[in-house]
1. Out of the stretch 1-43, which residues are within 17 Å of residue 334 (Cα to Cα) and either touching a residue at least 60 places away in the same chain (Cβ under 8 Å) or out of contact with any helix residue (DSSP H, G or I) (no Cβ under 6 Å at 6 or more places or on another chain) (or both)?
2. Given the condition out of contact with any helix residue (DSSP H, G or I) (no Cβ under 7 Å at 6 or more places or on another chain) and closer than 29 Å to residue 375 by Cβ, answer yes or no: does some residue in the stretch 248-259 qualify?
3. Would you confirm whether or not the stretch 246-254 contains a residue that is under 21 Å from residue 339 (Cα atoms) and among the basic types (Lys, Arg)?
4. Only one residue in 335, 284, 269 is closer than 29 Å to residue 239 by Cβ, in contact with a Pro (Cβ under 7 Å, 6 or more places away or on another chain) and hydrophobic (A, V, I, L, M, F, W, C), so which one is that?
5. Write out, first by first residue and then by second, each pair whose Cβ atoms fall under 8 Å of each other, whose residues are 6+ apart or on separate chains, and whose first residue, in the stretch 369-389, is in contact (Cβ under 8 Å) with a residue 60 or more places away in the chain while the second is open to solvent by 70 Å² or more (accessible area, probe 1.4 Å).
6. Considering only residues that are in contact with a Lys or Arg (Cβ under 7 Å, 6 or more places away or on another chain) and surrounded by 15 or more Cβ atoms within 10 Å (Cβ to Cβ), which ones fall in the stretch 345-378?
7. Among the helices (runs of 4 or more DSSP H) confined wholly to the stretch 299-400, which include 3 or more residues that are touching a helix residue (DSSP H, G or I) at 6+ places or on another chain (Cβ under 6 Å)?
Amino acid sequence: MSSLHKSRIADFQDVLKEPSIALEKLRELSFSGIPCEGGLRCLCWKILLNYLPLERASWTSILAKQRELYSQFLREMIIQPGIAKANMGVSREDVTFEDHPLNPSPDSRWNTYFKDNEVLLQIDKDVRRLCPDISFFQRATEYPCLLILDPQNEFETLRKRVEQTTLKSQTVARNRSGVTNMSSPHKNPAPSSLNEYEVLPNGCEAHWEVVERILFIYAKLNPGIAYVQGMNEIVGPLYYTFATDPNSEWKEHAEADTFFCFTNLMAEIRDNFIKSLDDSQCGITYKMEKVYSTLKDKDVELYLKLQEQNIKPQFFAFRWLTLLLSQEFLLPDVIRIWDSLFADDNRFDFLLLVCCAMLILIREQLLEGDFTVNMRLLQDYPITDVCQILQKAKELQDSK
């Protein structure tokens, strides 16, 4: 470890040990990358995403309260209507018409259960192939959810629920982009069959199952948006970061902490996933056009070349912006980019500059290429040095 890196770690520790965290100082440090040693990145992200307040004295009580709230969500939402829940003191009632699976009423608990299954099938399909270039999400978590897996209770896991359902997942696919593929050529293909995944023994659950639970609960609590394909790519890096925290006391609660950080992050970017807002000033179309207007301001020659070739921002920037670049780079590089995004007080204005920087850094290739060559460049971005990209984005920001 270099002396410079040790010095940066010490700088972070000095800021984080204060009774009241100096947010601007933390942002300034984090913008240049957060060290992973000692769980610094995990802690900083929780503060930058407004999960933890600036007053350290309140952390213990707030974390306890939020983690208990998440446990309540588990109890209330990952259940099958009509199942006896002996450990919660609820005995099975005789099945009435109101509680019958064939009851057509929209208020029927079974009707709700079947509708939830539609959402769950799409979530399940997406999380099983999360970050296929690493094995992490297929491996067993050290901290399986005992509430769900405890043999004394009768909760069913979401995995079993998916296996038992007869619904066809094809009928519920919701691809937000309107295109057939939101994945990147950088990513290795996921196994095509569920049977290709290793089957874990009873009492264990894979990390992807934890992510599935987070997304399912989010969808239940936010019926207006529910689940849209791509959300799995947002929650994945968050969960990975928290679930690999070297501090076991924090790692044990990675699921709950990820849920609330993901919820806070989605509150800022959810408009990108709502099709009816596409053409509004908060929608994704406006943001894509803003990438081009920024490019026009910074490099008019390149802007005119893309316009001449009729390369619209929808062809590449949709995925860049909606998924916060999580499909363009390998996971460690995505996490480094997110350090800077989360640290910037206008974090998603900075994302627009990052996208613009990505175009300018390959300007020579784009100016020389034809439509086919340039589309291939933009769909499979060639530069892997994210620090170079972030440095260029910062230059663009400072030159305003």
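1. Listed by number, the residues that qualify are 30, 31, 32, 33, 34, 36, 41, 42.
2. Taking the stretch 248-259 and keeping what is out of contact with any helix residue (DSSP H, G or I) (no Cβ under 7 Å at 6 or more places or on another chain), we get 248-249, 252.
Going one step further and asking which of them are closer than 29 Å to residue 375 by Cβ, we end up with none.
No, there is no match, as no residue in the stretch 248-259 is out of contact with any helix residue (DSSP H, G or I) (no Cβ under 7 Å at 6 or more places or on another chain) and closer than 29 Å to residue 375 by Cβ.
3. There is at least one residue in the stretch 246-254 that is under 21 Å from residue 339 (Cα atoms) and among the basic types (Lys, Arg).
4. Numbers: 284 fails: in contact with a Pro (Cβ under 7 Å, 6 or more places away or on another chain); 269 fails: in contact with a Pro (Cβ under 7 Å, 6 or more places away or on another chain).
On inspection, the qualifying residue turns out to be 335.
5. Here the result reads 371/310; 374/365; 375/315; 378/315; 379/185; 379/315; 380/185, each pair linking the stretch 369-389 to a residue that is open to solvent by 70 Å² or more (accessible area, probe 1.4 Å).
6. Step one: of the stretch 345-378, the residues in contact with a Lys or Arg (Cβ under 7 Å, 6 or more places away or on another chain) are 345, 352, 356-357, 360-361, 366-367.
352, 356, 357, 360, 361, 366 - these are the residues of the stretch 345-378 that are in contact with a Lys or Arg (Cβ under 7 Å, 6 or more places away or on another chain) and surrounded by 15 or more Cβ atoms within 10 Å (Cβ to Cβ).
7. On the way: elements: 300-308, 317-322, 331-343, 347-361, 363-368, 371-379, 386-398.
Filter on the stretch 299-400 gives 300-308, 317-322, 331-343, 347-361, 363-368, 386-398.
Results for (1) of a type outside the set (A, V, I, L, M); (2) over 18 Å from residue 299 (Cβ atoms); (3) touching an Asp or Glu at 6+ places or on another chain (Cβ under 8 Å), shown as yes or no for each residue.
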| site | (1), (2), (3) |
| --- | --- |
| 340 | yes, yes, no |
| 343 | no, yes, yes |
| 356 | yes, no, no |
| 361 | no, no, no |
| 364 | yes, no, no |
| 368 | yes, no, no |
| 381 | yes, no, yes |
| 388 | yes, no, no |
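The values are calculated or read from the model by the stated rules, or taken from the named source; none is laboratory data. Keep in mind it's a predicted model, so treat the numbers as computed, not measured. FYI the Cβ positions are ideal-geometry reconstructions off the backbone, even for glycines, and counts take in every protein chain you see. Only protein heavy atoms, including side chains, enter the accessible area calculation; ligands, DNA and RNA are left aside. Shrake-Rupley method; radii C 1.70, N 1.55, O 1.52, S 1.80 Å.
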